[in-house]
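First the structure, in the form of structure tokens, and then the observations on it.
Throughout, read-outs are computed from the coordinates displayed, never taken from laboratory work. All of these numbers come straight from a predicted model, not from anything done at the bench. Cβ sites come from the backbone with ideal geometry, for glycine too, and all protein chains shown count toward neighbours.
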């Protein structure tokens, strides 16, 4: 997935960050109407989980239908006050009607994140993953279980590959 990375250069408040996100959304052909999701309401399924013919999927569990900037604004202000890195990420779009987004904050930057002067990073994907909405708790739990098992198998394969490479270097 290719992301267009936009870095704000001056300290911003939530309104400035939101305006920057909406500008990026507009430039990428996404809707400026944003519905904010909590981290517990979505799962990103990489294309590899579906096979080589699959596309990335965004599974949403009972997403809200209204814009709720208040909670996101409070979380943004809290993170900025603590000098944390704030990421506003457009996750996916539902036609031309709305964009699902999330706010993520952390005390430390991720690998490769440097030079974020204001501590705000805005991410808008080059394309939207296929969105699947479920209201079933059973389906939601099954998808989470499936992803966890897939990640374990992937990580085990990577560690086995590293062991083989290390053994080749030794012999």
Spacing of the two label points (7 Å from each Cα toward its C-beta) at residue 106 and residue 159, in nm: 2.0 nm
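Quick one: which of 135-148, 15-28 comes out on top by average Cβ neighbours within 10 Å, and what's the full order, highest first?
Values: 135-148: 12.4, 15-28: 16.6.
Result, highest mean first: 15-28, 135-148.
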